[in-house]
Amino acid sequence: MTNILVIGVGPHARRSHLPALAAGQAAGLVGTIYGVDILGAMDVLLPYDADDGPRTLPMTLVEPFDARLRILPEPVRRTLDALVEDRHINAVIVSTEPAHHMVYVRWALARGLSVLLDKPLSVHPHASTDPAQAAAILADFDDILARYQQARQRHPRLLVSVQSQRRYHPAFWRMRQLIEEIADETNCPVTSVQSFHSDGQWRLPHELVDLSYHGFDQGYGKAAHSGYHFFDIVPWLMGGAERSGKELDAVTIHAQATRPGDFMAQLTVSDHERLFPGFAARNPYTPDELRAATHRFGEVDAFISLAFKSRGRIMTLASINLVHNGFSQRGNLAPASSLYTGNGRVRQETHIIQQGPFQALHFHSLQTLSSAHPGADPHAVGHRGHVEVHVFRNNRLQPQWTEYTRLGYQALTTTWNTDVATPTQQSSRRRATVEFLEYLNGLRRREQMRSELTSHRRAATVMTGAYQSMAQQWAASSPQATLDLPATLTPAPPSVAEQTEPAR
């Protein structure tokens, strides 16, 4: 029986990992579940909601430690080692603040424990202002990959999987299949991508200093909070059209970012006082104090331009535009109790993909927290279930192609193993966890895994380049970063048969 240790039991783990693990227990895939977090973060018994009602998770609390450490402090290591022995732990989910990811993964690999790792793989304090800290992101990946390969020599069934949920989302499966179809017929790569994501995280000026969760005070921001999903999924989609002779081998990146000081120029303290009666009484800082306190904070928004190259020629131009300061449904002065899903955060996401003169794909997920009208379509634009893909093909060249197809929520709903796979981020997160559990229980082969660590170097490279560009500009150096890409192609998603049947 697989016993799981969840390290880092914050809002994300309580909303995604723990309900999925509870469902795994009901399915016979999980034995016992234990949690670890830092002292002061929570109680020894943590309540959370599972599919069958409220549950509690037994917790072990450890002393906080510096994220810059490469190995666990001895007291923390002894505590975790004892947990592994006493509770017969087989695998670990690492869901801490990202700057602590690597130290826990190093410990787990040394113990021979499989890992489901949250995104981003790693980040370092002041990555957006210190070029050396930006470069350390890719160095972390190479270090952990080497440790992973060494650990697999001792433990062949060991697995590190990354919860990059868009790889598990039916709309992204379908778009990659469509890209592959055109590439097979035309040998044309993806020639341009425009990706945009906004989550409406409206932090009021004093909250920039006082609220750390998904904040900016560690010297990084939006590109680390949710940017990794796009640093991963853009090359993953492009990989569907990568063919011999046109393999990507380099990427040039130029990022522009706004920081808290820019945000407070866009909407000043005086503007907030006019918008929110009572704001002045809650804000203890003067404008000068706010500017000084947030001087080296991380990025609020980042617009990132990329040129993916093969043998010196540009194959794909891309933009990944990441926004915290976008459309929000926040109207409250005091922050909501949940900064993860509450506080007005709402997703607006689009991807526009061009495959030369042959195909265009438009993905839209445009949501709002507004209440639905009675009888309204729950998957219409603005509602929480909205998702659609528009497919355009050049049927003047190939009459057998359909000129235009719209794929909505129902058309994108498919099967995954024996379960219905709906095109939502939450169900995609759960599929990532279930796939990990299936592998641990011998129901899935390694080659069927959608998101094994070995397939993530391109994402780590793009994230590193984005932060290098930001940091170099901060240091008055070149705004451009050029990095090599791995020669191996991004693995294709499993076949339809693999999606619907577990390994025998």
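Annotations for the structure displayed:
- Per-region count, the stretch 184-197, residues buried (at least 23 other Cβ atoms within 10 Å of the Cβ) and part of a helix (DSSP H, G or I): 0
- Out of His214, His229, His254, sole residue that is part of a strand (DSSP E or B) and buried (at least 17 other Cβ atoms within 10 Å of the Cβ): His254
- Hits in the stretch 433-463 (condition: touching a strand residue (DSSP E or B) at 6+ places or on another chain (Cβ under 7 Å), among the hydrophobic types (A, V, I, L, M, F, W, C) and closer than 30 Å to Glu299 by Cα): Leu453, Val462
- The residues in the stretch 286-342 that are under 24 Å from Ala459 (Cβ atoms) and acidic (Asp, Glu) can be counted, and the count is 2.
- In the set Val434, Val389, only one residue is closer than 20 Å to Arg167 by Cα and either of a type in the set (Phe, Trp, Tyr) or part of a strand (DSSP E or B) (or both); that residue is Val389.
- The residues of the stretch 44-90 that are under 21 Å from Asp143 (Cβ atoms) and touching a Leu at 6+ places or on another chain (Cβ under 9 Å), listed by number, are Phe65, Leu72, Leu80.
- Restricting the stretch 105-129 to residues that are hydroxyl-bearing (Ser, Thr, Tyr) and buried (at least 24 other Cβ atoms within 10 Å of the Cβ), the residue that is nearest to Glu299 (Cα to Cα): Ser128
- Taken together, Arg167, Arg176, Arg157, Arg147 contain a single residue that is in a helix (DSSP H, G or I), out of contact with any His (no Cβ under 7 Å at 6 or more places or on another chain) and without any contact (Cβ under 8 Å) to a residue 60 or more places away in the chain, which is Arg147.
- Yes/no for Ile314 being more than 24 Å from the chain's Cα centre (by Cα), β-branched (Val, Ile, Thr) and surrounded by fewer than 17 Cβ atoms within 10 Å (Cβ to Cβ): yes
- Put simply, of Gln410, Gln354, Gln348 the only residue that is over 27 Å from Ala318 (Cα atoms) and either surrounded by fewer than 18 Cβ atoms within 10 Å (Cβ to Cβ) or in contact (Cβ under 8 Å) with a residue 24 or more places away in the chain (or both) is Gln410.
- Just so you know, in the stretch 268-307 the residues that are over 16 Å from Glu207 (Cβ atoms) and among the charged types (D, E, K, R) include one that is surrounded by the most Cβ atoms within 10 Å (Cβ to Cβ), and it is Glu299.
- Single condition Ala50 does not satisfy, out of (1) hydrophobic (A, V, I, L, M, F, W, C); (2) surrounded by fewer than 17 Cβ atoms within 10 Å (Cβ to Cβ); (3) touching a Gly at 6+ places or on another chain (Cβ under 8 Å): (3)
Each reported figure results from applying straightforward, stated rules to the coordinates on display, with no laboratory input. As the structure is a prediction and not an experimental result, all values here were calculated from the model. FYI the Cβ positions are ideal-geometry reconstructions off the backbone, even for glycines, and counts take in every protein chain you see.
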